[in-house]
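The values are calculated or read from the model by the stated rules, or taken from the named source; none is laboratory data. Only a predicted model underlies this, so the values are computations on that prediction, with no experimental measurement involved. FYI the Cβ positions are ideal-geometry reconstructions off the backbone, even for glycines, and counts take in every protein chain you see. When the accessible area is computed, the model is the full protein with side chains, heavy atoms only, and any ligands, DNA or RNA have been set aside. Shrake-Rupley method; radii C 1.70, N 1.55, O 1.52, S 1.80 Å.
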Amino acid sequence: MSRIGVRPITIPAGVEVTVEDNNFVTVKGPKGELKQEVASNLIITIEDGTLTVSRPDNSRNNRAQHGLARTLINNMIEGVTKGYEKKMTVNGVGYQVQKQGNTLVMKLGFSHPVEMIDPEGITTECPDATTIVVKGIDKALVGNYAAKIRSWREPEPYKGKGIIYDGEVVRKKEGKGASA
């Protein structure tokens, strides 16, 4: 039995969830609307403000999809109510970021600044010259865009320079000539 899949999801006030044929789930809330197709062989029921996902039998495929489908729907509901955000810090001498309209401009030690235009549904903010905040309602899009930003300068283990997620620990290595 899936420990995650059997948990019911409470639908908060102001959120509308509809399930169409082939398990096409639409979630509308105060921050926007999300659509996702989940495994068509699962059974999704909405009763008295709670949503439950169940499976018709214990076949291998149904067991694999059960918890995933419940988590995807829960992430959609949380996204349209609270939204998601990823914070990142830019470490390095001369490294800085700034926002110009809907374009994120990063100076990361290259001969030119790196410019990234925010995709639809995602916003970036730069509260100061070394912090980037990626916000949106779709958890996967927020994580994916944050990973694209980070891929320009991943943290290196000797000086710790690069783009680091908030709360990430970069394990530093000892240099070649620093042995005692």
Selection count, the range 61-100, where residues are hydrophobic (A, V, I, L, M, F, W, C), open to solvent by 50 Å² or more (accessible area, probe 1.4 Å) and either over 30 Å from E16 (Cβ atoms) or not in a helix (DSSP H, G or I) (or both): 1
Test: residue in the range 1-19 that is among the polar types (S, T, N, Q), touching a helix residue (DSSP H, G or I) at 6+ places or on another chain (Cβ under 9 Å), crowded, with 18+ Cβ neighbours inside 10 Å and over 20 Å from A140 (Cα atoms): yes
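Counting just the residues of the range 139-156 that are among the charged types (D, E, K, R) and either out of contact with any helix residue (DSSP H, G or I) (no Cβ under 7 Å at 6 or more places or on another chain) or modelled with pLDDT under 95 (or both), which one comes out farthest from I73 (Cα to Cα)? Quick ask: steps written out before the conclusion?
Taking the range 139-156 first, the residues among the charged types (D, E, K, R) are 139, 148, 150, 153-154, 156.
Within this subset, residues satisfying the condition of being either out of contact with any helix residue (DSSP H, G or I) (no Cβ under 7 Å at 6 or more places or on another chain) or modelled with pLDDT under 95 (or both) are 148, 150, 153-154, 156.
Numbers: K148: 25, R150: 27, R153: 33, E154: 31, E156: 36 Å.
The extreme case among them is E156.
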Checklist (1) over 30 Å from R7 (Cβ atoms); (2) in contact (Cβ under 8 Å) with a residue 24 or more places away in the chain; (3) of a type in the set (V, I, T) applied to I73, failing item: (1)
Residue within the range 128-141 that is open to solvent by less than 60 Å² (accessible area, probe 1.4 Å), in contact (Cβ under 8 Å) with a residue 12 or more places away in the chain, small (G, A, S) and part of a strand (DSSP E or B) present: yes
Residue under evaluation S40, criteria (1) among the small types (G, A, S); (2) surrounded by fewer than 16 Cβ atoms within 10 Å (Cβ to Cβ); (3) in contact (Cβ under 8 Å) with a residue 24 or more places away in the chain, criterion not met: (3)
Of all residues in the range 20-34 being farther than 13 Å from I77 by Cβ and part of a strand (DSSP E or B), the one that is farthest from the chain's Cα centre (by Cα): E20
Pairs with Cβ under 8 Å, 6+ apart, first in the range 103-115 and in a loop (DSSP other than H, G, I, E, B), second of a type in the set (F, W, Y): L108/Y95; L108/W152; G109/Y95
Every pair of residues 6+ apart whose Cβ atoms lie under 9 Å, when the first sits in the range 162-178 and is closer than 16 Å to N91 by Cβ and touching a residue at least 24 places away in the same chain (Cβ under 8 Å) while the second is among the basic types (K, R) and open to solvent by less than 60 Å² (accessible area, probe 1.4 Å): G162/R150; I163/R150; I164/R150; Y165/R150
